[in-house]
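> Following this message is one structure expressed as structure tokens.
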Amino acid sequence: MVISAIGQGFLWGILGLGIFMTYRILNFPDMTTEGSFPLGGAVCVTAITQGIHPILATLLGILAGMCAGFVTGMLYTKGKIPVILAGILVMSGLNSVMLFIMQTPNLSLLNKPKIQDFFTGLNLPNHYDIVILGLIAVSLIIALLLFFFFTDFGQAYIATGDNENMARSIGINTDRMKVIGLTLSNGVIALSGALIAQNDGYADIGKGIGVIVIGLASIIIGEVLYGELSFGERLIAVVLGSVIYQLLILLIIKLGLDTTYLKIFSSIILAICLMIPRLKEALNLKTGLEKE
């Protein structure tokens with residue numbers, strides 16, 4: 001179960017990387033996440049059941065997520081709708097889109113090929129195929145993100161998040177950067193949804209509920225544990241935070257707690273992680289006062 005949790009951590013870590021692109025770089029939460037995540041799985045699973053190769057089906061899932069992010073970006077920048085509300089509108093609309101695509105609230109991959117089947121010939125122990133798949137996917141995404149963010153275009157994207165007014169003053173089209181950021185981040189999030197749907201063996205329109213909490217937990221845990229890091233190290237920390245989060249969930253299950261209430265445990269873990277920096281500050285202040 002530990003190996004399975006680590007593999008799941010890598011796959012969910014991709015979600016964390018997608019959320020990182022908006023939450024940490026552009027400095028706003030994107031609620032489209034809870035729609036683009038299950039959309040990626042819905043498109044991917046539907047494509048596989050229609051006889052499309054799993055890799056191509058996964059790419060279609062990514063493309064669907066990018067389209068969702070693009071719509072949110074256009075509503076935000078051109079429609080002047082607040083980003084959180086724009087994300088909620090798209091997220092709600094995607095429920096109907098997924099029902100139209102799958103023609104059912106959930107769709108099984110029973111006896112259908114999956115992307116992890118490519119590792120069958122390696123005769124790996126149970127769940128190691130997911131670990132390898134997760135490592136490959138995470139490494140590829142981090143490499144692409146590093147390449148992107150160290151280009152002039154990527155630096156303009158970062159500048160938009162750091163100081164939008166300054167970025168606009170030096171000629172950067174900040175609205176375009178926001179649209180591109182939302183498009184790319186939701187593509188990454190949809191990839192996570194597509195891979196997790198294949199790992200679980202089914203797609204479900206309800207899979208997106210609460211996933212933004214899981215993604216944020218990955219980011220916060222990584223930041224709390226590792227502190228000041230370079231940009232590349234922060235991306236790796238997000239993935240490691242996701243693995244740690246999945247191991248914490250496994251611990252909750254091992255303790256015999258009712259998994260029906262897993263969402264509230266997830267929220268508690270995130271809340272504790274968010275409070276840790278404040279608690280550290282409070283303890284240091286208290287210590288200082290005592291010394292005086």
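The values are calculated or read from the model by the stated rules, or taken from the named source; none is laboratory data. Just so it is clear, the structure is predicted and the values come from calculations on it, not from any experiment. Virtual Cβ from ideal backbone geometry, glycine too; neighbours counted across all protein chains shown. Just the protein is used for accessible areas: all its heavy atoms, side chains included, with ligands, DNA and RNA removed. Shrake-Rupley method; radii C 1.70, N 1.55, O 1.52, S 1.80 Å.
> Filter segment 22-51 down to residues that are in contact with a Pro (Cβ under 8 Å, 6 or more places away or on another chain) and not hydrophobic (A, V, I, L, M, F, W, C) and give me whichever is farthest from residue 179 (Cα to Cα).
Among them, the one singled out is 23.
> Looking only at residues that are more than 11 Å from the chain's Cα centre (by Cα) and under 16 Å from residue 34 (Cβ atoms) in segment 198-226, which one is least open to solvent (accessible area, probe 1.4 Å)? Explain how you work it out, then say what you get.
Filtering segment 198-226 down to residues more than 11 Å from the chain's Cα centre (by Cα) leaves 198-207, 209-210, 220-226.
Now narrow it down to the ones that are under 16 Å from residue 34 (Cβ atoms): 203-207, 209-210.
Numbers: 203: 2, 204: 42, 205: 41, 206: 34, 207: 41, 209: 114, 210: 19 Å².
Among those residues, the one meeting the criterion is 203.
> Follow-up question, since we're still on this one. Being without any contact (Cβ under 8 Å) to a residue 60 or more places away in the chain, crowded, with 17+ Cβ neighbours inside 10 Å and of a type outside the set (Ser, Thr, Tyr) narrows it down to one residue among 73, 79, 87; which is it? Working first, answer last.
On the way: 73 fails: without any contact (Cβ under 8 Å) to a residue 60 or more places away in the chain; 79 fails: crowded, with 17+ Cβ neighbours inside 10 Å.
Exactly one of 73, 79, 87 is without any contact (Cβ under 8 Å) to a residue 60 or more places away in the chain, crowded, with 17+ Cβ neighbours inside 10 Å and of a type outside the set (Ser, Thr, Tyr), namely 87.
> Could I ask something else about it? Tally time: how many residues in segment 169-183 are buried (at least 19 other Cβ atoms within 10 Å of the Cβ) and of a type in the set (D, E, K, R)?
Final tally of qualifying residues: 1.
> Looking at this structure, is residue 260 open to solvent by less than 20 Å² (accessible area, probe 1.4 Å) and of a type in the set (S, T, N, Q)? Spell out how you get there, then give the answer.
Numbers: open to solvent by less than 20 Å² (accessible area, probe 1.4 Å): no; of a type in the set (S, T, N, Q): yes.
Taking the combined requirement at face value, the residue does not satisfy it.
> Oh, and also: Among the residues of segment 32-48, are any in contact with a Leu (Cβ under 7 Å, 6 or more places away or on another chain), open to solvent by 60 Å² or more (accessible area, probe 1.4 Å) and of a type in the set (A, V, I, L, M)?
No, every residue in segment 32-48 fails to be in contact with a Leu (Cβ under 7 Å, 6 or more places away or on another chain), open to solvent by 60 Å² or more (accessible area, probe 1.4 Å) and of a type in the set (A, V, I, L, M).
> With the condition kept exactly as written, say whether any residue in segment 12-24 is free of Cβ contacts under 8 Å to residues at least 60 places away in the same chain, touching a helix residue (DSSP H, G or I) at 6+ places or on another chain (Cβ under 7 Å) and open to solvent by 10 Å² or more (accessible area, probe 1.4 Å). Write out each step before concluding.
We begin by selecting, within segment 12-24, every residue free of Cβ contacts under 8 Å to residues at least 60 places away in the same chain; these are none.
No, segment 12-24 contains no residue that is free of Cβ contacts under 8 Å to residues at least 60 places away in the same chain, touching a helix residue (DSSP H, G or I) at 6+ places or on another chain (Cβ under 7 Å) and open to solvent by 10 Å² or more (accessible area, probe 1.4 Å).
> Give 140, 133, 191, 195 a once-over and let me know the one that is in a helix (DSSP H, G or I) and either open to solvent by 40 Å² or more (accessible area, probe 1.4 Å) or in contact with a strand residue (DSSP E or B) (Cβ under 7 Å, 6 or more places away or on another chain) (or both). Break it down into steps so the answer makes sense when it comes.
Working: 133 fails: either open to solvent by 40 Å² or more (accessible area, probe 1.4 Å) or in contact with a strand residue (DSSP E or B) (Cβ under 7 Å, 6 or more places away or on another chain) (or both); 191 fails: either open to solvent by 40 Å² or more (accessible area, probe 1.4 Å) or in contact with a strand residue (DSSP E or B) (Cβ under 7 Å, 6 or more places away or on another chain) (or both); 195 fails: either open to solvent by 40 Å² or more (accessible area, probe 1.4 Å) or in contact with a strand residue (DSSP E or B) (Cβ under 7 Å, 6 or more places away or on another chain) (or both).
Unique residue meeting the criteria: 140.
> Looking at segment 117-130, which of its residues are open to solvent by 60 Å² or more (accessible area, probe 1.4 Å), in a helix (DSSP H, G or I) and within 15 Å of residue 6 (Cα to Cα)?
128, the sole residue that qualifies.
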